[in-house]
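Rule-based calculations on the coordinates, nothing more; no lab input. Bear in mind that the values here come from a model prediction, so they are computed numbers and not experimental data. Neighbour counts are summed over all protein chains in view; Cβ atoms, including those assigned to glycine, are modelled from backbone coordinates with ideal geometry.
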Amino acid sequence: MKVLIITLLLSAIMFASAQEFPESKKHQVGIHAGFTSGIGISYRYWPDKLGMQITFIPIKSDEKTFVSLGVTGLLTLKEKKYFKPFLYLGNHYVYTREDQEYNIGIGPGFSVGSIVRFNFMMGYGFYDVLETFNTFPTMEIGVYYKF
């Protein structure tokens with residue numbers, strides 16, 4: 001599985017670096033992992049200053065069920081050609097056979113790159129807010145392809 005993911009990422013990077021694209025790309029798709037913004041395949045629509053990210057993965061087997069759904073609001077602070085700092089407000093719903101959890105996160109982030117963008121978000125998370133309500137720092141990471 002790791003080899004497949006690395007191969008796909010390297011292929012996307014080589015494809016993106018071989019072509020010229022205009023800078024007004026509003027859509028992004030990639031993979032994302034975050035405690036307060038979701039885990040899985042991710043889609044972003046970021047037309048201007050405000051953007052939105054949806055992250056989702058369902059995993060089902062005989063022994064295990066895991067569903068992650070994240071919806072995150074994004075606010076651009078400043079846009080450069082290869083660097084974009086922003087603020088985020090993440091919402092993450094996690095379901096397993098044994099438990100379900102709702103997490104919220106807020107903080108700054110930035111993305112680096114042109115067509116393939118590496119995304120880093122760090123902030124403060126509120127975990128399992130409907131049950132035990134824990135608070136911890138959080139970190140989120142993702143790789144996106146702009147189109």
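Rounded to the nearest Hz, the phi-derived 3J(HN,Hα) couplings of the range 89-104 under the Karplus curve 6.51 cos²θ - 1.76 cosθ + 1.60 (θ = phi - 60°) are 10, x, 10, 9, 9, 10, 10, 10, 4, 8, 7, 9, 9, 10, 10, 10, where x marks glycine and proline.
Computed from phi, the 3J(HN,Hα) profile of the range 109-123 under the Karplus parametrisation 6.51, -1.76, 1.60 (θ = phi - 60°) reads x, 8, 10, 10, x, 9, 8, 9, 10, 8, 10, 10, 10, 9, x Hz, with x in place of Gly and Pro. Please work out the Cα center distance from the range 33-91 to the range 95-112, rounded to the nearest Å. Between the Cα centres of the range 33-91 and the range 95-112 lies a distance of 9 Å.
The amide H of Glu79, built 1.01 Å from its N in the peptide plane, has no neighbour under 5 Å, considering only residues 5 or more places off or on other chains. In terms of other Cβ atoms within 10 Å, Glu98, Glu79, Glu140, Glu131 run from fewest to most in the order Glu98, Glu131, Glu79, Glu140. Straight-line reach from Lys25: taking Cα to Cα under 12 Å and skipping same-chain neighbours fewer than 8 places apart, the aspartates and glutamates in range are Asp48. For Phe35, the residues 5 or more places off, or on other chains, whose built amide H falls under 5 Å of its own are Met139.
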